[in-house]
Amino acid sequence: MEIALIGSGNVATHLGLAFKQAGAVVTVVWSRNADHADDLAKVLGCRATTSLQETVGLADCYIIAVTDDAISCVADQLKLGDSLVVHTSGSVSADILRDTSSSYGVLWSPTSFVKGKVMDYSSLPICIEGSDDKTFRAIRLLASMISEHIYTMNCEQRKWTHLAAVFVNNFVNSLNASAEQFLSSRNIDFSVLLPIIQATASQVSSGNLSTLQTGPAARDDRATIERQRAMLEGNPELLHVYDALTELIRYQKQ
(Lines give C-alpha, C1' and ligand atoms only; values in the text may rest on other atoms or scores of the structure.)
Protein backbone atom coordinates (compact mmCIF):
# COMPACT_ATOMS: atom_id res chain seq x y z
CA MET A 1 0.00 0.00 0.00
CA GLU A 2 1.36 3.40 -1.01
CA ILE A 3 -0.02 6.35 0.93
CA ALA A 4 0.05 10.10 0.37
CA LEU A 5 -0.32 12.19 3.51
CA ILE A 6 -2.10 15.48 2.96
CA GLY A 7 -1.15 17.35 6.11
CA SER A 8 1.75 17.45 8.54
CA GLY A 9 0.16 18.10 11.93
CA ASN A 10 -0.48 15.83 14.91
CA VAL A 11 -2.90 13.46 13.16
CA ALA A 12 -0.86 13.22 9.97
CA THR A 13 2.32 12.58 11.95
CA HIS A 14 0.89 9.73 14.01
CA LEU A 15 -0.98 8.12 11.12
CA GLY A 16 2.16 8.30 9.02
CA LEU A 17 4.14 6.58 11.74
CA ALA A 18 1.40 3.99 12.30
CA PHE A 19 1.19 3.02 8.64
CA LYS A 20 4.96 2.98 8.24
CA GLN A 21 5.24 0.61 11.22
CA ALA A 22 2.54 -1.55 9.61
CA GLY A 23 4.60 -1.91 6.43
CA ALA A 24 2.85 0.63 4.21
CA VAL A 25 4.94 3.03 2.16
CA VAL A 26 4.29 6.72 2.63
CA THR A 27 5.34 8.20 -0.70
CA VAL A 28 4.77 11.91 -0.13
CA VAL A 29 3.84 14.44 2.53
CA TRP A 30 2.05 17.64 1.56
CA SER A 31 1.79 20.75 3.70
CA ARG A 32 1.29 24.44 3.04
CA ASN A 33 4.36 24.93 5.24
CA ALA A 34 7.46 23.63 3.48
CA ASP A 35 9.44 23.19 6.71
CA HIS A 36 6.65 21.15 8.30
CA ALA A 37 6.38 18.95 5.20
CA ASP A 38 10.16 18.44 5.14
CA ASP A 39 10.31 17.55 8.85
CA LEU A 40 7.64 14.84 8.60
CA ALA A 41 8.95 13.55 5.27
CA LYS A 42 12.39 13.02 6.82
CA VAL A 43 10.84 10.97 9.63
CA LEU A 44 8.85 8.85 7.16
CA GLY A 45 11.59 8.62 4.53
CA CYS A 46 9.63 10.12 1.65
CA ARG A 47 9.41 13.24 -0.47
CA ALA A 48 7.81 16.51 0.62
CA THR A 49 5.85 19.03 -1.36
CA THR A 50 3.76 22.18 -1.01
CA SER A 51 1.93 21.47 -4.28
CA LEU A 52 -1.18 19.32 -4.12
CA GLN A 53 -0.95 18.66 -7.85
CA GLU A 54 2.47 17.05 -7.35
CA THR A 55 0.91 14.38 -5.12
CA VAL A 56 -1.44 13.09 -7.83
CA GLY A 57 -0.43 9.67 -9.11
CA LEU A 58 2.03 9.03 -6.30
CA ALA A 59 -0.13 6.80 -4.10
CA ASP A 60 -2.92 4.23 -3.92
CA CYS A 61 -4.54 6.06 -1.01
CA TYR A 62 -4.71 9.71 -0.03
CA ILE A 63 -5.23 10.58 3.63
CA ILE A 64 -6.38 14.16 4.14
CA ALA A 65 -5.35 15.00 7.70
CA VAL A 66 -5.88 18.75 7.93
CA THR A 67 -8.12 20.95 10.08
CA ASP A 68 -11.86 20.62 9.50
CA ASP A 69 -12.04 24.09 7.97
CA ALA A 70 -9.31 23.24 5.46
CA ILE A 71 -10.73 19.95 4.14
CA SER A 72 -13.00 21.59 1.56
CA CYS A 73 -10.22 23.79 0.15
CA VAL A 74 -7.84 20.83 -0.14
CA ALA A 75 -10.49 18.55 -1.63
CA ASP A 76 -11.39 21.13 -4.28
CA GLN A 77 -7.79 21.17 -5.49
CA LEU A 78 -7.37 17.39 -5.71
CA LYS A 79 -8.76 15.41 -8.64
CA LEU A 80 -7.87 11.77 -8.04
CA GLY A 81 -10.10 9.83 -10.43
CA ASP A 82 -10.87 6.56 -8.67
CA SER A 83 -7.93 6.60 -6.22
CA LEU A 84 -8.98 6.01 -2.63
CA VAL A 85 -9.22 9.19 -0.55
CA VAL A 86 -10.27 9.61 3.07
CA HIS A 87 -10.38 12.46 5.53
CA THR A 88 -9.74 12.11 9.25
CA SER A 89 -12.41 14.37 10.74
CA GLY A 90 -15.01 13.33 13.28
CA SER A 91 -17.48 16.06 12.37
CA VAL A 92 -17.26 16.55 8.58
CA SER A 93 -19.36 14.59 6.08
CA ALA A 94 -17.60 12.16 3.77
CA ASP A 95 -19.50 13.74 0.89
CA ILE A 96 -17.16 16.71 0.98
CA LEU A 97 -14.81 14.41 -1.01
CA ARG A 98 -17.43 13.49 -3.62
CA ASP A 99 -15.78 15.56 -6.38
CA THR A 100 -12.25 14.53 -5.39
CA SER A 101 -12.60 10.84 -6.24
CA SER A 102 -15.25 8.25 -6.95
CA SER A 103 -13.81 6.23 -4.03
CA TYR A 104 -13.99 8.30 -0.87
CA GLY A 105 -14.73 8.01 2.80
CA VAL A 106 -13.59 8.60 6.36
CA LEU A 107 -10.92 7.11 8.58
CA TRP A 108 -11.18 8.83 11.98
CA SER A 109 -9.97 7.96 15.44
CA PRO A 110 -11.53 9.53 18.56
CA THR A 111 -8.06 9.89 20.03
CA SER A 112 -5.95 12.80 21.24
CA PHE A 113 -2.87 12.90 19.00
CA VAL A 114 0.15 14.87 20.24
CA LYS A 115 3.45 15.08 18.35
CA GLY A 116 6.29 13.41 20.22
CA LYS A 117 3.98 11.27 22.33
CA VAL A 118 4.66 7.55 21.99
CA MET A 119 1.44 5.68 21.19
CA ASP A 120 0.32 2.08 20.89
CA TYR A 121 -1.33 2.32 17.48
CA SER A 122 -2.75 -1.20 17.69
CA SER A 123 -5.12 -0.01 20.42
CA LEU A 124 -6.53 2.89 18.41
CA PRO A 125 -10.28 2.88 17.81
CA ILE A 126 -10.80 3.56 14.10
CA CYS A 127 -14.20 4.74 12.82
CA ILE A 128 -14.76 4.25 9.11
CA GLU A 129 -17.25 5.09 6.39
CA GLY A 130 -17.13 4.46 2.63
CA SER A 131 -18.93 5.90 -0.38
CA ASP A 132 -19.90 2.40 -1.58
CA ASP A 133 -19.36 -1.24 -0.62
CA LYS A 134 -16.11 -1.61 -2.55
CA THR A 135 -14.68 1.57 -1.07
CA PHE A 136 -15.84 0.60 2.41
CA ARG A 137 -13.98 -2.70 2.13
CA ALA A 138 -10.85 -0.89 0.97
CA ILE A 139 -11.02 1.53 3.90
CA ARG A 140 -11.63 -1.32 6.34
CA LEU A 141 -8.54 -3.07 4.95
CA LEU A 142 -6.58 0.15 5.34
CA ALA A 143 -7.72 0.57 8.95
CA SER A 144 -6.98 -3.06 9.77
CA MET A 145 -3.32 -2.47 8.92
CA ILE A 146 -2.92 -0.45 12.11
CA SER A 147 -5.70 -1.58 14.47
CA GLU A 148 -8.17 -4.36 15.21
CA HIS A 149 -10.61 -1.93 16.86
CA ILE A 150 -12.67 -0.83 13.86
CA TYR A 151 -16.13 0.73 14.10
CA THR A 152 -18.53 1.35 11.23
CA MET A 153 -20.22 4.75 11.63
CA ASN A 154 -22.27 7.02 9.45
CA CYS A 155 -21.80 10.78 9.60
CA GLU A 156 -24.42 11.38 12.28
CA GLN A 157 -22.99 8.67 14.55
CA ARG A 158 -19.49 10.01 14.04
CA LYS A 159 -20.55 13.55 15.00
CA TRP A 160 -22.09 12.31 18.26
CA THR A 161 -18.99 10.24 19.00
CA HIS A 162 -16.84 13.30 18.36
CA LEU A 163 -18.97 15.33 20.78
CA ALA A 164 -18.68 12.58 23.39
CA ALA A 165 -14.90 12.55 22.92
CA VAL A 166 -14.84 16.28 23.68
CA PHE A 167 -16.61 15.55 26.98
CA VAL A 168 -14.41 12.64 28.09
CA ASN A 169 -11.09 14.01 26.84
CA ASN A 170 -10.97 17.78 26.33
CA PHE A 171 -13.33 18.76 29.12
CA VAL A 172 -11.90 16.30 31.64
CA ASN A 173 -8.34 17.40 30.83
CA SER A 174 -9.38 21.04 31.29
CA LEU A 175 -10.82 20.21 34.71
CA ASN A 176 -7.63 18.39 35.69
CA ALA A 177 -5.55 21.34 34.50
CA SER A 178 -7.68 23.72 36.59
CA ALA A 179 -7.22 21.55 39.67
CA GLU A 180 -3.48 21.38 39.02
CA GLN A 181 -3.27 25.18 38.76
CA PHE A 182 -5.15 26.07 41.93
CA LEU A 183 -3.32 23.42 43.95
CA SER A 184 0.04 24.64 42.65
CA SER A 185 -0.84 28.23 43.61
CA ARG A 186 -1.29 26.97 47.19
CA ASN A 187 1.90 24.86 47.24
CA ILE A 188 0.03 21.57 47.09
CA ASP A 189 1.52 18.77 44.98
CA PHE A 190 -0.95 17.69 42.28
CA SER A 191 0.36 14.12 42.58
CA VAL A 192 -1.79 13.72 45.71
CA LEU A 193 -4.74 13.39 43.31
CA LEU A 194 -3.17 10.88 40.92
CA PRO A 195 -4.58 7.80 42.72
CA ILE A 196 -8.16 9.10 42.57
CA ILE A 197 -7.74 10.14 38.94
CA GLN A 198 -6.42 6.69 38.05
CA ALA A 199 -9.16 4.96 40.04
CA THR A 200 -11.83 7.02 38.27
CA ALA A 201 -10.35 6.16 34.89
CA SER A 202 -10.15 2.46 35.74
CA GLN A 203 -13.88 2.20 36.49
CA VAL A 204 -14.96 3.63 33.13
CA SER A 205 -15.11 0.20 31.49
CA SER A 206 -17.60 -1.07 34.09
CA GLY A 207 -20.51 0.87 32.56
CA ASN A 208 -23.52 2.50 34.28
CA LEU A 209 -21.21 5.32 35.29
CA SER A 210 -23.87 7.54 36.83
CA THR A 211 -24.47 4.89 39.51
CA LEU A 212 -20.81 5.13 40.54
CA GLN A 213 -20.89 8.88 41.15
CA THR A 214 -19.77 10.01 44.61
CA GLY A 215 -19.07 13.40 46.20
CA PRO A 216 -21.07 16.25 47.73
CA ALA A 217 -23.42 16.76 44.77
CA ALA A 218 -24.27 13.05 44.57
CA ARG A 219 -25.18 12.89 48.27
CA ASP A 220 -26.77 16.37 48.21
CA ASP A 221 -24.36 17.65 50.87
CA ARG A 222 -25.45 21.28 50.68
CA ALA A 223 -23.19 22.51 53.48
CA THR A 224 -20.06 21.24 51.72
CA ILE A 225 -21.26 22.55 48.37
CA GLU A 226 -21.75 26.06 49.79
CA ARG A 227 -18.32 26.02 51.47
CA GLN A 228 -16.68 25.02 48.19
CA ARG A 229 -18.65 27.63 46.25
CA ALA A 230 -17.35 30.27 48.66
CA MET A 231 -13.79 29.11 48.02
CA LEU A 232 -14.30 29.79 44.30
CA GLU A 233 -15.85 33.24 44.63
CA GLY A 234 -12.62 34.84 43.39
CA ASN A 235 -12.70 32.69 40.24
CA PRO A 236 -16.10 33.20 38.58
CA GLU A 237 -15.26 30.98 35.59
CA LEU A 238 -14.55 27.96 37.80
CA LEU A 239 -17.50 28.77 40.03
CA HIS A 240 -19.75 28.68 36.97
CA VAL A 241 -18.32 25.28 36.02
CA TYR A 242 -18.70 24.01 39.59
CA ASP A 243 -22.36 25.05 39.69
CA ALA A 244 -23.12 23.58 36.27
CA LEU A 245 -21.52 20.23 37.04
CA THR A 246 -23.13 20.09 40.49
CA GLU A 247 -26.54 20.51 38.87
CA LEU A 248 -25.69 17.90 36.22
CA ILE A 249 -24.73 15.36 38.88
CA ARG A 250 -27.93 16.08 40.82
CA TYR A 251 -29.96 15.57 37.65
CA GLN A 252 -28.20 12.28 36.87
CA LYS A 253 -28.83 10.99 40.38
CA GLN A 254 -32.60 11.56 40.19
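The values are calculated or read from the model by the stated rules, or taken from the named source; none is laboratory data. Here the structure is a predicted model, which means the values were calculated and not measured. All Cβ positions, even for glycine, are placed from backbone atoms using ideal geometry, and neighbour counts span all protein chains on display.
Looking at LEU209, is it modelled with pLDDT of 95 or more and aliphatic (A, V, I, L, M)? When the stated conditions are applied, LEU209 does not pass them. May I ask you to verify whether GLN252 is among the polar types (S, T, N, Q) and over 19 Å from SER185 (Cα atoms)? Judged against the criteria, GLN252 is a match. Screening the candidates ALA164, ALA179 for the property of being small (Gly, Ala, Ser), over 30 Å from CYS127 (Cβ atoms) and out of contact with any Gly (no Cβ under 9 Å at 6 or more places or on another chain) yields one hit, ALA179. Take the conditions (1) within 18 Å of the chain's Cα centre (by Cα); (2) without any contact (Cβ under 8 Å) to a residue 60 or more places away in the chain; (3) under 30 Å from TYR104 (Cα atoms); (4) surrounded by 12 or more Cβ atoms within 10 Å (Cβ to Cβ); ASN170 misses just one of them, which is (4). Checking every residue in segment 217-226 against the condition of being surrounded by 11 or more Cβ atoms within 10 Å (Cβ to Cβ), under 20 Å from ALA164 (Cα atoms) and not hydrophobic (A, V, I, L, M, F, W, C) gives zero matches.
Condition (residue is touching a residue at least 40 places away in the same chain (Cβ under 8 Å) and either in contact with an Asp or Glu (Cβ under 8 Å, 6 or more places away or on another chain) or not aromatic (Phe, Trp, Tyr) (or both)) applied to segment 174-189: is it met by at least one residue? Yes; the residues of segment 174-189 include at least one that is touching a residue at least 40 places away in the same chain (Cβ under 8 Å) and either in contact with an Asp or Glu (Cβ under 8 Å, 6 or more places away or on another chain) or not aromatic (Phe, Trp, Tyr) (or both).
Scanning segment 104-123 for residues that are under 22 Å from GLU156 (Cβ atoms) and either in a loop (DSSP other than H, G, I, E, B) or among the acidic types (Asp, Glu) (or both) returns SER109, PRO110, THR111. Take VAL114 and decide whether it is among the hydrophobic types (A, V, I, L, M, F, W, C), loosely packed, with under 15 Cβ neighbours inside 10 Å and under 23 Å from LEU163 (Cβ atoms). So VAL114 passes the test.
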